[in-house]
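Undergrad: Structure incoming, see below.
Values in this text are rule-based calculations from the coordinates and carry no lab data. Keep in mind the model is a prediction, meaning the values are calculated, not measured. Every residue, glycine as well, gets a Cβ built from its backbone with ideal geometry; the counts of neighbours run over all protein chains shown.
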Amino acid sequence: MKKINLLLLASLFLGVVSCSSDDDSGTDVNNLDPNPVEETELDASTVSQGITVDGATRNTGDAPQPTGNITGFTVSETEQSGFLNSGFNIDFTVPTNYAGAYFQIVENDGTVAPDYLDIPANSTRSVKNSKSILAKSRKLNDNEASIDVDFGDAIPPGKFCYFLCIYDDQGNISEPVQVCVEVEAWGGNPAIEGVWNYTKQIENGVTILPGEESDCEEAELECANNQQLVVDDAYCYVLDAFKLTINSDGTYEYRSDDTSKNFDYNASVENCEAVFGPEEPGYYISKGNWAYDEEEGRLTLVEFEYVEAAGDQVYEGTEEDGYVDFDGEAVINGSEMVVKFSYEDDIVINVEFFLNKE
């Protein structure tokens, strides 16, 4: 079954959070004051010691000086959010002979941490994984890289920056790029709190209701009689129900119920026609924390526990460093919330995901 975790990094989410006429609180959720705790400047040394990257080597002193002679290095954003006990990702483009990166924490006044991380290329990811229908997994292009930076529990809400530069297999070192991070506190926007139920989604103008097939994929096979068979909707996914609970204490929980087609490949090859077994029901439960970025009107869900069921198989697990299910903006109109995002699957697919508040 497909895991349904409400997400983004690697996908782009669009939207605006706004008040509706039936909100009698008088609060404009587009113009919330920033949380002063998140405006605190964090000590570079404390942050550096609280950060880890799998496969990286920590070295004392400043990162090596740039030599230039590297092209094709760009970082996707120069301001981003980080999340308590979880961290953040760094997405960037690289040349074909990319060999690794240097990462060093710096404060806004220019004070740098007393150490830096040397992150080899084999510690960067080649796939942006997603367990969500709201952010699709995709293989990164040859010129793309992503680093998963994890936080320990000693890093509080606040702000810091970092320098990132890359090096190639010839020893050339790029000029550093500075990126600033705001570590979000949990919770933040009372308008988002409550219980939300899925009502429909719209993909490139096509409306899909609960219980209707979506994300169908074809199968091409060679039959036992050597004929070719193409089954257009061999693998389809059905979202039957989805309930998201966002709590005032900064926690969330959701459950999705779904159905998957059971395409029988071997029987289809033998009979040279599409053969399906019984549909397989499943569900997914996610628990974690949510954060709201007041400046950008941005909602993030970070998963720390999950339960996944497919047929009679049930799996329970934890995400020690947190898993960002959803990171994007949402449109709130009274009792309706619409999450908007886009992803690429041969073509650009624009999705609107609708939820109603109980």
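Undergrad: Show me, bin by bin at 10 Å from 0, the whole-percent P(r) of segment 36-184 based on Cα pairs.
TA: Result, from short to long distances: 11, 42, 35, 12, 0 percent.
Undergrad: For a quick check: with amide H placed at 1.01 Å from N, whose amide H comes under 5 Å from E41's, ignoring anything fewer than 5 positions away on the same chain?
TA: When sequence neighbours closer than 5 places are left aside, the close amide H contacts are K159.
Undergrad: Strictly over 20 Å apart at the Cα level, which of K159/K287; K261/K357; K261/K340; K243/K287 would you flag in this model?
TA: Correct reply: K159/K287; K261/K357; K261/K340.
Undergrad: May I ask you to evaluate 6.51 cos²θ - 1.76 cosθ + 1.60, the Karplus curve with θ = phi - 60°, for each residue of segment 143-160 and list the ³J(HN,Hα) values in order in whole Hz, giving x for glycine and proline?
TA: Here the 3J(HN,Hα) series is 9, 10, 9, 8, 10, 9, 9, 9, 9, x, 7, 8, 8, x, x, x, 10, 7 Hz.
Undergrad: Work from the charge dipole of segment 194-233 (Cβ charges, +1 for Lys and Arg, -1 for Asp and Glu, about the Cα centre) and give the residue of Y198, N226, I208 farthest towards its positive end.
TA: Farthest towards the positive end: Y198.
Undergrad: Also, I was wondering about something else. Which ordering of C161, C223, C236 is given by a fewest-first count of other beta-carbon atoms within 10 Å?
TA: Taking fewest neighbouring Cβ atoms as first place, the list is C223, C236, C161.
Undergrad: For D240, what residues show an amide H to amide H distance below 5 Å, using hydrogens built from the backbone and excluding near sequence neighbours?
TA: Result for D240 returns G211, D257, D258, T259.
Undergrad: Would you mind checking which residues have amide H under 5 Å from D264's amide H? H placed 1.01 Å from N; only 5 or more apart, or other chain.
TA: V275, F276, G277
Undergrad: While we're here: Could you work out how far apart the two model spin labels at D109 and N226 are, taking each label as a point 7 Å from the Cα in the direction of the beta carbon, and quote it in nm?
TA: Going by the 7 Å Cα→Cβ label model, 8.1 nm.
Undergrad: Over what distance in Å are the Cα centres of segment 85-106 and segment 249-288 separated?
TA: A separation of 36 Å, based on Cα centres.
Undergrad: Using alpha carbon coordinates only, what is the Rg to Rh ratio of the chain, with Rh defined as the Kirkwood radius?
TA: 1.02
Undergrad: Tabulate in residue order the Karplus-calculated ³J(HN,Hα) for segment 47-57, using 6.51 cos²θ - 1.76 cosθ + 1.60 with θ = phi - 60°, rounded to whole Hz; enter x for Gly and Pro.
TA: Listing the rounded values in order: 5, 4, 6, x, 10, 9, 9, 4, x, 7, 10 Hz.
Undergrad: For G68, what is the net charge nearby, where nearby means another residue's Cβ is under 12 Å from its Cβ and Lys, Arg count +1, Asp, Glu -1?
TA: Around G68, the charge tally is -2.
Undergrad: Quick one: what are the phi-derived ³J(HN,Hα) couplings along segment 235-245, Karplus 6.51/-1.76/1.60 with θ = phi - 60°, whole Hz, x for glycine and proline?
TA: 10, 10, 10, 10, 8, 8, 7, 8, 10, 10, 10
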